[in-house]
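*Asks:* One structure is given below, represented as structure tokens, and several questions about it will come after.
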Amino acid sequence: MSKVAILLAVYNGADYLVEQVNSILAQTHSELRLFIRDDGSTDDTVRISKNLALSHEKVVLFKDDYGATGSAAGNFFRLLYGIDVSEFDFVFFADQDDIWAPVKVEQALRVLADSGADCYSANLVSFDNDSGSVAFIDKAQPQKKLDYLFQGASAGCTYCLSKRAVVLIREKLKGFDGYRYLSHDWLVYAICRSHGLKWTFDPGAYVFYRQHSSNVFGAKLGILGLLQRFSISRSGWYRNHILEIGQFLRGGKEEVQVIKSIEKLRFSDRIRLAASACAFRRKFRDAVFLGAFIVLFM
């Protein structure tokens with residue numbers, strides 16, 4: 001049976017942590033170990049994490065000398081660096097406030113085995129405790145040639161990575177410490193795709209993706225979500241993120257051309273990028289929006 005490491009990055013997650021951990025421990029795939037790393041919580045998260053580690057042999061309270069990273073990405077990458085990857089066949093990411101279906105791990109491993117891929121992501125079901133709203137989030141559209149330059153695969157909490165993928169990511173990020181402004185799930189997807197690892201998308205949903213006021217990004221659905229994404233893009237974060245990701249890519253000809261065009265953003269670059277937008281986003285609607293945004297606002 002494959003040995004699985006689940007990385008749970010926590011920060012002020014006392015309200016939901018026990019429910020999430022219990023859903024992970026209830027997985028039908030039993031050969032797993034859950035590593036919890038706290039990033040400087042000021043609520044009851046540390047005490048709860050310690051109690052969980054004392055109560056369950058599969059739960060490990062991960063400690064290092066790095067201290068607080070100040071970001072979810074930094075927290076996840078400190079875990080990814082810190083575990084002994086030689087002990088595990090696959091690594092999963094987990095958020096502190098979700099709920100996993102019991103078959104989540106088993107399903108991911110099955111799909112990876114059937115597809116021969118090194119990396120996996122899936123769809124999600126978002127829910128909001130306050131409003132009672134529930135929505136299916138579809139992230140499993142067919143991959144596009146360079147989509148990894150402009151978007152992640154799905155929410156990181158759906159990711160499963162082979163040992164080979166983890167070793168590659170650690171190698172590419174060695175010595176890098178600028179995590180605060182990066183999306184870890186997007187960066188992981190970009191590194192793996194750029195370096196030729198096969199990524200498979202599962203159209204099923206096995207994570208109940210809790211929405212609340214403390215979400216770092218969240219589901220951002222509907223018109224409100226579109227406006228939020230537009231605001232983030234207008235702030236320069238989106239363009240800067242693409243340029244930041246560029247330093248970790250393999251450096252293929254097409255990648256280099258796109259990164260240089262994003263960096264210069266002359267009118268001719270904007271037109272060229274907009275004309276190629278269907279290679280940058282998996283959903284046609286998003287590609288159209290991206291093309292217009294590049295020409296008018298980026």
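The values are calculated or read from the model by the stated rules, or taken from the named source; none is laboratory data. What you see is a predicted model; the values in this text were computed from it and never measured. Please note: Cβ atoms are built from the backbone with ideal geometry, for glycine as well, and neighbour counts cover all protein chains shown. Heavy atoms of the whole protein, side chains included, go into the accessibility calculation; ligands, DNA and RNA do not. Shrake-Rupley method; radii C 1.70, N 1.55, O 1.52, S 1.80 Å.
*Asks:* Answer yes if at least one residue in segment 251-273 is more than 29 Å from Leu168 (Cα to Cα), crowded, with 19+ Cβ neighbours inside 10 Å and small (Gly, Ala, Ser), and no otherwise.
*Replies:* no
*Asks:* Let me confirm something: among Ser162, Ser126, which residue is open to solvent by less than 30 Å² (accessible area, probe 1.4 Å), touching a Phe, Trp or Tyr at 6+ places or on another chain (Cβ under 9 Å), polar (S, T, N, Q) and over 16 Å from Phe77 (Cα atoms)?
*Replies:* Exactly one residue qualifies, and that residue is Ser126.
*Asks:* Hey, another quick one. Restricting attention to segment 19-49, and to residues there that are of a type in the set (Lys, Arg) and closer than 24 Å to Leu161 by Cβ, which single residue is least open to solvent (accessible area, probe 1.4 Å)?
*Replies:* Arg37
*Asks:* Taking segment 5-18 on its own, how many of its residues are over 21 Å from the mean Cα position of the chain (by Cα) and open to solvent by 60 Å² or more (accessible area, probe 1.4 Å)?
*Replies:* Qualifying residue count, segment 5-18: 2.
*Asks:* Report, ordered by the first and then the second residue, all pairs with beta carbons closer than 8 Å, sequence separation of six or more or different chains, a first member in segment 40-56 that is within 16 Å of Ile24 (Cα to Cα), and a second member that is open to solvent by less than 60 Å² (accessible area, probe 1.4 Å) and of a type in the set (Asp, Glu).
*Replies:* Ser49/Asp38
*Asks:* On to the next question. Hey, does segment 50-63 have a residue that's at pLDDT below 95, open to solvent by 20 Å² or more (accessible area, probe 1.4 Å), farther than 18 Å from Val166 by Cα and not in a strand (DSSP E or B)?
*Replies:* yes
*Asks:* Sticking with this structure for a sec: In segment 150-201, what count of residues is obtained for those that are closer than 27 Å to Ser276 by Cα, aliphatic (A, V, I, L, M) and either out of contact with any strand residue (DSSP E or B) (no Cβ under 9 Å at 6 or more places or on another chain) or assigned to a strand (DSSP E or B) (or both)?
*Replies:* Qualifying residue count for the region: 4.
*Asks:* Moving on to the next point. Would you be able to say whether some residue in segment 162-184 is without any contact (Cβ under 8 Å) to a residue 12 or more places away in the chain and either on the phi > 0 side of the Ramachandran plot or in contact with an Asp or Glu (Cβ under 7 Å, 6 or more places away or on another chain) (or both)?
*Replies:* yes
*Asks:* Would segment 199-218 turn up any residue that is among the aliphatic types (A, V, I, L, M), modelled with pLDDT under 95 and within 28 Å of Gln96 (Cα to Cα)?
*Replies:* Yes, segment 199-218 has at least one match.
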